[in-house]
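Step one of this worksheet: look at the structure below.
The values are calculated or read from the model by the stated rules, or taken from the named source; none is laboratory data. Remember, predicted model here, so these are calculated numbers, not experimental data. Positions of Cβ are backbone-derived with ideal geometry, glycine not excepted, and every protein chain shown enters the neighbour counts. Just so you know, the surface numbers come from the protein's heavy atoms only, side chains and all, with ligands and any DNA or RNA stripped out. Shrake-Rupley method; radii C 1.70, N 1.55, O 1.52, S 1.80 Å.
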Amino acid sequence: MGNETNQGRVVRSWVKITQDINECQEELRCGKNATCTNTEGSFRCTCNIGYYADGYICTECYTIFDFEDHDLSNWTLNGTAFNNQPTYGDNLSGRKHKFESNHKGDWWIGTYENRSSPSEPFGGQQGDGPQGSMTSPSFQITGKLLTFLIGSGCDKSFPNIRAELIIGGEVVRNKTTKACDEAMKEESWNVTDYAGKNAQLRLVDNSSEEWGHINFDHLQACHKLISDMDS
């Protein structure tokens, strides 16, 4: 602060001194899986190699397909089973069903269901009759593991209800389901041998038998195998 005289009046002038604070000094500012870089007035977090940003923190997994954009325009559909997909909400409970879908978010794939918009009737269904497949756009495998939620199918529909991983036009991994349960459970594929390759996901419903439909959601890639997750 300085003082100066101006025509008999004392005028006080304040000099404000600003100093940047290193936000990265705060422990775990970006979490244990990221590197913090201080910038003027702010900071930047960069995920360590093998970790992925989910919008808030760096995690061991990142989402590839979760259907939350409720748009399949980039997917290839064959047959009619997937024409009304994805499904909005836990449509099963609209039928007072004893099962739950166990989906994540608001949207998921369920080929028994017929509720592709919140404005459509709660509990709407197309049944087990339609058959078909849906194939994703290409994505690059960057981790060791792909995880996903899958459900439904039963003895009569086995093995015609399944998820497939396609590389170079060939099915390299598949998961058939005969859970006799609508609730999706997490399954996984070890894709260590395919790191860096382009792949596609294909969902197949080739059954009109009882339980002849597939439930699917939340495909993600992880840089560790399940056995290494806690190490």
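Here the label points at Val172 and Thr192, each 7 Å from Cα along the C-beta direction, are separated by 1.5 nm in the simple model. Residues considered: Ile150, Ile167, Ile21. Largest GNM mean-square fluctuation over the chain, using C-alpha springs under 10 Å, is found at Ile21. Among Asn33, Asn74, Asn206, the residue with the largest mean-square fluctuation in a Gaussian network model of the chain, with springs joining Cα atoms closer than 10 Å, is Asn74.
For the stretch 121-231, the relative contact order works out to 43 percent when only alpha carbon pairs closer than 8 Å and six or more residues apart are counted. FRET efficiency for Glu210 and Ser138, Cβ-Cβ distance as r, R0 = 45 Å, nearest 0.05? Approximately 0.85, to the nearest 0.05.
Cross-link pairs exceeding 23 Å between alpha carbons, from the set Lys96/Lys175; Lys104/Lys178; Lys32/Lys144; Lys104/Lys156; Lys98/Lys156: Lys96/Lys175; Lys104/Lys156. Ranked from largest to smallest solvent-accessible area, with a 1.4 Å probe on the protein heavy atoms, Arg44, Arg173 come out as Arg44, Arg173. For the chain, the C-alpha radius of gyration sits at 1.49 times the compact-globule guess of 2.2 N^0.38 Å, with N the residue count.
For the chain, what relative contact order do you get, as a whole percent, if you take Cα pairs closer than 8 Å and at least 6 residues apart? In percent, rounded to a whole number, it is 21.
Shown in residue order for the stretch 73-83 are the 3J(HN,Hα) couplings computed by the Karplus curve 6.51 cos²θ - 1.76 cosθ + 1.60 at θ = phi - 60°: 5, 8, 9, 9, 9, 10, x, 10, 4, 9, 5 Hz (x for Gly and Pro). Here the accessible area is traced with a 1.4 Å probe on the protein chains. For the stretch 69-180, carbon and sulfur cover 43 percent of it.
Solvent exposure of the stretch 26-130 amounts to 58 Å² per residue of accessible area, where only protein heavy atoms count and the probe is 1.4 Å. Enter the mean projected area of the convex hull around the alpha-carbon atoms of the stretch 150-231, in nm², rounded to one decimal. So the mean shadow area of the Cα hull is 6.0 nm². As a calculated quantity, the FRET efficiency between Glu26 and Asn74 at R0 = 35 Å, using C-beta atoms, amounts to about 0.25.
The residues of the stretch 156-231 expose, per residue, 47 Å² of accessible area to a 1.4 Å probe. Farthest toward the positive end of the dipole of the chain, out of Leu219, Thr87, Gly31, is the Cα of Gly31, where the dipole comes from beta carbon charges about the Cα centre.
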